1. Rolling a 1.4 angstrom probe over the protein chains, ignoring ligands and nucleic acids, what is the accessible area of residue 172 in square angstrom, nearest 10?
2. Could you please report the charge total around residue 124, scoring K, R as +1 and D, E as -1 over all other residues with beta-carbon less than 15 angstrom from its beta-carbon?
3. Over the chain, what percent of the accessible surface lies on carbon and sulfur atoms, probe 1.4 Å?
4. Please compute the net charge surrounding residue 34, taking Lys and Arg as +1 and Asp and Glu as -1 over other residues with Cβ under 13 Å from its Cβ.
5. Using the Cα centre of the range 54-200 as the reference point, and only Cβ charges (+1 on K/R, -1 on D/E), how large is the resulting charge dipole? Debye, rounded to the nearest 20.
6. How many percent of the alpha carbon pairs in the chain exceed a separation of 32 Å?
7. Return the distance in nm (one decimal) between the two label points of a simple spin-label model at residue 173 and residue 115, each offset 7 Å from Cα along Cα→Cβ.
8. Write down Rg/Rh for the range 17-62, rounded to two decimals, with Rg from the C-alpha atoms and Rh from the Kirkwood relation over Cα pairs.
Amino acid sequence: MNELKEAKVIPVMRNMPDDDLTDIVQALVDGGAKAVEITLDEPNGIAKIKKLKKEFPDLLVGAGTVFSIDDAEDAIKVKADFLVSPIMVKEVLHFANNRHTLFIPGVFTPTEMVHATIQGASMVNIFPASALGPEFIASVLEPFEDISLMCSSDENVADYMKAGAEVIRIDRNLITDKNLENKEWNQIKERFQEYVEQVN
């Protein structure tokens with residue numbers, strides 16, 4: 001988990017073209033990415049994680065949109081470094097913990113945060129954080145300062161970090177259809193670099 005905290009900002013990749021995946025991830029790495037997340041709500045998600053683990057051995061590669069034990073098991077088999085979900089699934093948390101793999105469940109309220117932590121979560125994903133804002137993060141951490149928070153938002157990144165979030169997932173607006181159509185890898189690199197600069 002410490003390596004993930006050091007990464008601070010994680011680009012989330014959903015339905016990226018197979019043929020361009022290496023170039024996209026290289027652009028993100030050149031922009032400062034130390035971790036990436038591949039969502040499993042696409043048929044090739046597991047294959048993409050396997051590919052990236054081989055091509056980028058120093059990069060943390062996680063699986064997102066993990067809803068079931070089957071999802072977790074498939075991701076762990078290809079050496080995913082962490083698992084993320086927008087919801088809390090107790091069975092998946094216990095399954096991952098028993099296999100020494102970080103599972104970060106999604107939560108929305110202080111009660112859900114605490115329940116996930118009691119169940120064994122080392123970090124929780126505030127989802128969607130953009131609906132709550134940085135002020136919520138700062139307020140909720142006052143009584144629960146020992147809980148590690150990941151936030152899913154591509155706005156006010158620096159504000160979320162200042163409020164106490166330790167990791168930010170960048171999903172929307174990072175990689176546009178135009179970037180993909182025109183293979184604008186340098187624009188992806190520069191856009192991600194801006195996020196990195198906001199948290200360092």
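1. Residue 172 exposes around 150 Å² with every protein chain in place.
2. So the surrounding residues net to -1.
3. After summing per-atom areas, the C and S share lands at 46 percent.
4. -4
5. 300 debye
6. 11 percent
7. 3.1 nm
8. Result for the range 17-62 is an Rg/Rh of 0.93.
The values are calculated or read from the model by the stated rules, or taken from the named source; none is laboratory data. As the structure is a prediction and not an experimental result, all values here were calculated from the model. Here the Cβ is made from the backbone with ideal geometry for all residues, glycine too, and neighbour counts use every protein chain on show. The accessibility values were calculated without ligands, DNA or RNA, using every heavy atom of the protein model including side chains. Shrake-Rupley method; radii C 1.70, N 1.55, O 1.52, S 1.80 Å.
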